[in-house]
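Report on one structure; see the data block that follows.
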Amino acid sequence: MQRRTLVALASAAVTAATLSAPAFAQTGEIRIAHIYSKTGPLEAYGKQTQTGLMMGLNYATGGSMTVNGKKLVVIEKDDQGKPDLGKSLLASAYSDDKADIAVGPTSSGVALALLPVAEEYKKILLVEPAVADAITGDKWNKYIFRTGRNSSQDAISNAVAIDKAGVTVATLAQDYAFGRDGVKAFKDALKNAKLVHEEYLPTTTTDFTAGAQRLIDKLKDVPGRKVIFIIWAGAGNPFKIADMDLKRYGIEIATGGNILPAMAAYKNFPGMEGATYYYFGIPKNPVNEAMVAAHYKEFKTPPDFFTAGGFSSAMALVTALKATNGDTNTNKLIKTMEGMSFETPKGKMTFRKEDHQAMQSMYHFKIKVDPAFAWGVPELVREIKPEEMQVPIRNKR
């Protein structure tokens, strides 16, 4: 009898330990899954985001990597830029890894695959840096927040430089969500210039000759200022189209910002105008100064385009978690984050209540060639503040 009682007590103790283990992990940790392109066509972007995320978490927590006594644990997942893989990785992060919240992904195509997973598991997905409007538009759900800029913010800010009466525009973009949403938003943003042609090429394109010829044919006989606006991410160099002697036809190239290696091509286009999400030398604020200093200290190079995005996502997460005293309850986080403002390397961002898109500044630039830099330097023409951009709400909320 006594032996049976001891066995029963031992069994109860084992059960209690098993039940309390995940509960302890939950109360002692805040688990953040980062789904991103650690490899694949957008690897350079993904790695910068990861660097920025870790630097940002460190900065926002004053080096402790804790919020309200809870340790921040980052779980890395490589989606390789593949939507189906990303989808399964996010599901396993929420279910198996007990992630409280997720950040990512790099690719817009992957992001669109992840949105229903966040809704199914009723957990927040903080989108950074995927850009397509559909993410906070018609594919959106209430669990989605985004610190990254969207296609409309890109388009509206770039239209500032190009949208003038008498200007004729053609676009060159990649044939997937990022490119198509980008062109749609750009077209919607144009009020004065005339868009005459949209050229879409595969993401793997290396020979731009045929596409460039179609663009030239559409623009060469048009009077006035003629511009090819390029929306491109990852591999391939669409600026090669300049080799087809665009100047002979009076055709200019315009584009937005990019990572520093890609901006090496900008040196061939002094005076080119556009708008960028970030360039390390532009924003003047304490958060940017801290990130630039930390990055130089660790890597001996300046932080890049997507480093700022990862850092901004970390600032958003820690601001929200501090406000909830480390409580990761999804509904509490949503209530906290809707309308929430937070400091970033770009200055203040605010999550718009209607679609959880971060309202943020963009930067109108003109390219300057400086021999001290390996890339074309985007000199600030002016900061385009959030309140100046009428960014459409595209969801069905």
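How high is the relative contact order of the chain? Use alpha-carbon pairs under 8 Å, at least six apart in sequence, and give a whole percent.
After rounding, I find 18 percent.
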For this session: Springs between alpha-carbon atoms under 10 Å, Gaussian network over the chain: tell me which of Arg248, Arg146, Arg352 tops the mean-square fluctuations.
Result: Arg248
For this session: Just tell me which lysines come within less than 25 Å, Cα to Cα, of Lys335; anything on the same chain fewer than 8 places away is out.
Result: Lys70, Lys71, Lys98, Lys122, Lys123, Lys139, Lys142, Lys322, Lys346, Lys348, Lys353, Lys396
Problem set entry | Using alpha-carbon coordinates, inclination of helix 108-121 to the longest axis of the chain, degrees | 30 degrees
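Can you send over the carbon and sulfur percentage of the accessible area for the chain, probe radius 1.4 Å, protein chains only?
Values: 9190 of 16950 Å².
C and S fraction of accessible area: 54 percent.
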Seminar exercise, completed: Filtered hits (lysines, Cα-Cα < 25 Å from Lys164, offset >= 8 within chain) -> Lys184, Lys187, Lys191, Lys194, Lys218, Lys220, Lys226, Lys247, Lys267, Lys366, Lys368, Lys385
Exercise. Relative to the first principal axis of the alpha-carbon coordinates of the chain, what is the inclination of helix 209-219, with its axis defined by its Cα atoms, in degrees from 0 to 90 and to the nearest 10?
Worked result: 60 degrees
Exercise. Of [x] 27, 53, 15, 3, 1, 0; [y] 28, 59, 12, 0; [z] 24, 56, 18, 2, 0, which one was derived for P(r) over Cα pairs in 20 Å bins from 0, in percent from the structure shown?
Worked result: [x]
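How high is the FRET efficiency from Asp370 to Ile393, r the C-beta distance, R0 41 Å, rounded to 0.05?
Numbers: r = 40 Å, r/R0 = 0.97.
That gives a FRET efficiency of 0.55.
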Problem set entry | Mean ellipticity per residue at 222 nm, deg cm²/dmol - from DSSP H runs of n ≥ 4 across the chain, formula -39500 (n - 2.57) | -12500 deg cm²/dmol
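Between Asn325 and Ala294, what length in nm is gained on full extension when 0.36 nm per residue of separation is reduced by their alpha carbon distance? Display every interim value, and only then the final one.
Numbers: separation 31, 0.36 × 31 = 11.16 nm, distance 2.72 nm.
Going from the current span to full extension adds 8.4 nm.
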For this session: Principal axes first, then extents: for the Cα atoms of region 89-159, list largest minus smallest coordinate on each axis, whole Å, largest first.
Result: 45, 19, 17
Problem set entry | Crossing angle, helix 151-162 versus the chain [Cα axis fit, 0-90 degrees, rounded to tens] | 20 degrees
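Calculate the dipole size of the chain relative to its Cα centre from +1 charges on Lys and Arg beta carbons and -1 charges on Asp and Glu beta carbons; express the result in debye to the nearest 20.
Values: 49 positive and 41 negative charges, 133 e Å.
For this selection, approximately 640 debye.
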Seminar exercise, completed: Between Asp138 and Ser88, the two model label points (7 Å from Cα along the beta-carbon direction) sit apart by a distance in nm of 3.0 nm
Seminar exercise, completed: Heavy-atom accessible area per residue of the chain, all protein chains kept, 1.4 Å probe, expressed in Å², is 43 Å²
Exercise. About its Cα centre, how strong a charge dipole does region 274-380 have in debye, to the nearest 20, once Lys and Arg get +1 and Asp and Glu get -1 at the Cβ?
Worked result: 140 debye
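For the chain, what proportion of DSSP beta bridges, expressed in % and rounded to the nearest 5, is antiparallel? Please list the in-between numbers first.
On the way: 19 of 56 bridges.
DSSP beta bridges in the chain are roughly 35 percent antiparallel.
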Exercise. Say the dipole of region 267-397 comes from +1 at the beta carbon of Lys and Arg and -1 at that of Asp and Glu; which of Asn285, Val318, Thr301 then lies farthest toward its positive end?
Worked result: Val318
Problem set entry | Descending Cα extents along the principal axes, region 203-257, whole Å | 33, 24, 15
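Net charge within 9 Å of Arg394 by Cβ-Cβ distance, Lys/Arg positive one each and Asp/Glu negative one each, not counting Arg394 itself?
Values: positive: Lys396; negative: Asp133, Asp138, Asp355.
Every neighbour counted, the sum reads -2.
The values are calculated or read from the model by the stated rules, or taken from the named source; none is laboratory data. These numbers come from a predicted model, not from an experiment. We place every Cβ from the backbone using ideal geometry, glycine too, and count neighbours over all the protein chains shown. Areas reflect the complete protein model, heavy atoms only, side chains present, ligands, DNA and RNA absent. Shrake-Rupley method; radii C 1.70, N 1.55, O 1.52, S 1.80 Å.
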